[in-house]
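Below is one structure, written out as structure tokens, with a few remarks after it.
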Amino acid sequence: MFSERDFEHYLAKKYMRTEIMPHAFCPGCGLGIIERMILMAFEELGEEEWKRTAFVSGIGCSGWVPLYFRRDAAHTLHGRALAFATALKLSKPDLNVIVVMGDGDSMGIGGNHLIHAARRNVDLTAIIATNMLYSLTGGQMSPTTPQGARTNTTPYGNIEPNFDLMKLLEAAGATYLARWTTYHFVQAKNSIKKAIKHKGFAAIEIVFQCPTYAGRYILGKPDPRDMMDWFKEVSVPLGKAKTMSPEELQGKIVVGEFLHRTDRPEYTEQVYKIIEKAQKKGGR
Amino acid sequence: MSLEPGVHLMQGDEAVVEGAIIAGCRFFAGYPITPATEIAERMSYRLPQVGGIFIQMEDELGSILAVIGASWGGRKSMTATSGPGFSLMQEGLGYAIITETPLVLVNVQRGGPSTGLVTLPSQGDVMQARWGSHGDYASIVLAPSSVQEVFDLTIKAFNLSETYRNPVIILADEVIAHVREPVKVPPLEEIEVVERKKPDVPPEQYIPYLPKKPGEWVTPMPAFGDGYNVLVESVMHDEFGHRIGTDHAAANRTIRRLWYKIEKNVDKISMYEEYMLDDAEVAVISYGSSARTSLRAVREARKLGIKAGMLKLITLWPFYDKKVQEVASQVKAIVVPEMNMGKMVREVERASKGMAEVMSLTKVGGLLHHPDEVLAAIKRVAR
């Protein structure tokens, strides 16, 4: 099915562990696009940035994204990627630590770690891949499943409201926030670049197509191209969304750069200041 | 700076911190929980003084993952907890085991189940410390019975975790954590400290989980940023660290290697102390705080002319069958006092293979055994 030539793409040869490819994603899955966004961001940031980058991920389809990159990477536990990443950043402050999580991984089982990493404003780049349900386990309701949607655990329709990740993380204390879909390749890639350069907790939510489960069960669009078209239709730029009523925003995906602030101190720097202080004074 | 050589009056919880700093610990993540809180408190004060990092995490699930992250960041790392916190950490403990991450976990046992007896001692977690995380794996668990031992064993725990690339659990209890006793700190040059073995081959020749020779089980461990493109994989993986799906043979190799690296080294890992066992007819096998009252009872029994002795287990896991068998073959009866409903006694029974009568002396509710209780048991089996 696959030949050596499929892995001769210049990005694959330059950045990826081609020895463990082809990767495990379903045909038409949007996670490959997210991988490409990350790699294109590094094409533009340059080799130096790439060389000092490490990846951490959780469990779920999204957890596999960075494992194909030829960099130090940790495939941690479901929900716990940010706890590992926080300590890694503290231990090796010169590393760019990029954390890839899914919606259930970050906002469901890992919700506590997510809000506290944002509150601390640790210098991490969180890429949160949202596909609106749990896919690795076969299509169950997640914290971003649309209300009314039928999944394998909401056979009578989902009664639970969604998390709005941007609002959640702004309130928690994150300092860079953006949301895009896989349809918005260039914008998302640019936000990833900005987030990597940003000092503080940065999160980019990328809504991506899961044709296998979200496409078939939630949207009735098993063809990934139809899902991409749907992303285009329902996306509303942040500026325009501000002029729209809550009713008009029902079922829309608001995209754009939501927050970029530099007034909150970054956690790692403060930890090292405490070490300096303790060593100078030999105590309190 | 680490503690000056000499004698210091310390709590068990404080001795953990000072031992850890001497062992080279430079990262602590934890969450406040009685009776282990003093460890986090003192760490928050002491670690920055030696260039170390302290972080109070949002819960114990995060604490142990942070310790694993810091360990892959190249730092000797630890956490401390109790009761419900230890239950939460079982998840991360499994991750440390499959990724072969050195770390030290202090569990200051309190009475359970659940929130339980918050401020009172127990030895109820001895089996959880061995088997608490899911799946097949081997554990190293040490049980101190004095503040001096807390200090010494904390250093040993770091050395063992670096040697075997496995988490090491120190199973203390509320009594040992809070009692104050003199601790003798030897000159630093007399203390053995094991440093992490890093790969001595260039990255392109590095195979993360393939030991160099048959009979070797542990491989060197690079840190993030060292240039080895490590994969810290929680999914079952092969010698290259690549996840293996349903490759039964590769999974079999990995699981057995994780088991053998501990169980085949039981002679090197096991620590114990013997008291008056040479001519003993009755042996008390004890560990942790229980060993303190047991020893008193054994001495009282000797005064009464009963030939009693004691085997104190310092390493609880891997269980040292050989030593217990040796004792069982020599005495007619064994008493096992424990602050639980009788847990390690099952191991003693299994290992002694019917060679001696084994009596369980249980104690729950948050009290140590009174020496008279142990003495009465000795008298009963000595008849």
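The values are calculated or read from the model by the stated rules, or taken from the named source; none is laboratory data. Fair warning: this is a prediction, and the values are worked out from it, not measured in the lab. Here the Cβ positions follow ideal geometry from the backbone for every residue, glycine too, while neighbour counts run over all protein chains shown.
Descriptive notes on the structure:
- Just one of the listed residues (B:R292, B:R253) is buried (at least 17 other Cβ atoms within 10 Å of the Cβ) and of a type outside the set (A, V, I, L, M), and it is B:R292.
- Of residues in segment A:225-234 being of a type outside the set (D, E) and loosely packed, with under 13 Cβ neighbours inside 10 Å, the one nearest to A:Q187 (Cα to Cα): A:K232
Table: residues versus (1) among the β-branched types (V, I, T); (2) more than 14 Å from every other protein chain (Cβ to nearest Cβ); (3) in contact with a helix residue (DSSP H, G or I) (Cβ under 8 Å, 6 or more places away or on another chain).
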site	(1), (2), (3)
A:H198	no, yes, no
A:I206	yes, yes, yes
A:K232	no, yes, no
A:G251	no, yes, yes
A:L259	no, yes, yes
A:T268	yes, no, yes
A:I274	yes, no, yes
A:K277	no, no, yes
A:K281	no, no, no
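- Condition met for B:Y275 (of a type in the set (S, T, Y) and more than 30 Å from B:S122 (Cα to Cα)): no
- Just so you know, in segment A:142-187 the residues that are closer than 25 Å to A:M228 by Cβ and among the basic types (K, R) include one that is modelled with the lowest pLDDT, and it is A:R150.
- From the options B:E216, B:E239, B:E263, B:E274, residue that is under 24 Å from the mean Cα position of the chain (by Cα) and at pLDDT below 95: B:E216
- The test for being closer than 19 Å to A:L133 by Cβ, at pLDDT 95 or above and out of contact with any Phe, Trp or Tyr (no Cβ under 8 Å at 6 or more places or on another chain) does not hold for A:Y217.
- Given (1) assigned to a helix (DSSP H, G or I); (2) over 22 Å from B:K184 (Cα atoms), number of the condition B:E14 does not satisfy: (2)
- Residue check for B:S77: touching a residue at least 40 places away in the same chain (Cβ under 8 Å), over 26 Å from B:S286 (Cβ atoms) and assigned to a strand (DSSP E or B): yes
- Selection within segment B:317-343 - in a strand (DSSP E or B) and under 18 Å from B:L368 (Cβ atoms): B:V335, B:V336, B:P337, B:E338
- Any chance B:L231 is of a type in the set (A, V, I, L, M, F, W, C), surrounded by fewer than 19 Cβ atoms within 10 Å (Cβ to Cβ) and not assigned by TED's automatic domain parsing to the domain that holds B:E162: no
- Within segment B:22-40, the residues that satisfy the criterion of being more than 13 Å from every other protein chain (Cβ to nearest Cβ) and at negative phi are B:I22, B:A23, B:P32, B:I33, B:T34, B:P35, B:A36, B:T37, B:E38, B:I39, B:A40.
- A:I127 vs. criteria among the aliphatic types (A, V, I, L, M), more than 7 Å from chain B (Cβ to nearest Cβ), surrounded by fewer than 24 Cβ atoms within 10 Å (Cβ to Cβ) and out of contact with any Leu (no Cβ under 8 Å at 6 or more places or on another chain): no
- Entry remark, segment B:163-183: residues being among the acidic types (D, E) and surrounded by 24 or more Cβ atoms within 10 Å (Cβ to Cβ) number 2 in total.
- Being loosely packed, with under 15 Cβ neighbours inside 10 Å and polar (S, T, N, Q) holds for only one residue in A:Q209, A:Q270, and it is A:Q270.
- Applying the criterion of being surrounded by 24 or more Cβ atoms within 10 Å (Cβ to Cβ) and closer than 16 Å to A:M166 by Cβ to the residues of segment A:82-120, the residue that is farthest from the other protein chains (Cβ to nearest Cβ) is A:D103.
- Qualifying residue in segment A:186-194 (condition: exposed (fewer than 13 other Cβ atoms within 10 Å of the Cβ), more than 14 Å from chain B (Cβ to nearest Cβ) and farther than 24 Å from A:A129 by Cα): no
- Residue count for segment A:235-265, restricted to those that are touching a Pro at 6+ places or on another chain (Cβ under 9 Å) and loosely packed, with under 15 Cβ neighbours inside 10 Å: 1
- The residues of segment B:35-69 that are within 19 Å of the chain's Cα centre (by Cα) and part of a loop (DSSP other than H, G, I, E, B), listed by number, are B:P35, B:A36.
- Checking each residue in segment A:10-54 for being within 23 Å of B:Y95 (Cα to Cα) and more than 14 Å from chain B (Cβ to nearest Cβ) picks out no residue at all.
- Evaluation of B:Y95 against the conditions (1) part of a helix (DSSP H, G or I); (2) within 16 Å of the chain's Cα centre (by Cα); (3) hydroxyl-bearing (S, T, Y) shows that the sole unmet condition is (2).
- With respect to being in contact with a Leu (Cβ under 8 Å, 6 or more places away or on another chain) and either surrounded by fewer than 19 Cβ atoms within 10 Å (Cβ to Cβ) or closer than 25 Å to B:Y320 by Cβ (or both), B:S146 falls outside the description.
- With respect to the conditions (1) farther than 28 Å from B:G132 by Cβ; (2) out of contact with any strand residue (DSSP E or B) (no Cβ under 6 Å at 6 or more places or on another chain); (3) away from chain A (no Cβ under 14 Å), B:D226 falls short on a single one, namely (3).
- Of all residues in segment B:77-92, those being surrounded by fewer than 24 Cβ atoms within 10 Å (Cβ to Cβ) and either within 12 Å of another protein chain (Cβ to nearest Cβ) or of a type in the set (A, V, I, L, M, F, W, C) (or both) number 3.
- Residue that is modelled with the lowest pLDDT, among those in segment A:55-75 that are under 15 Å from the mean Cα position of the chain (by Cα) and within 7 Å of chain B (Cβ to nearest Cβ): A:L67
- Selection status of B:A301, of a type outside the set (S, T, Y), over 23 Å from the mean Cα position of the chain (by Cα) and more than 14 Å from chain A (Cβ to nearest Cβ): yes
- Test set (1) surrounded by 24 or more Cβ atoms within 10 Å (Cβ to Cβ); (2) more than 25 Å from B:G225 (Cα to Cα) - B:T37 fails condition number: (1)
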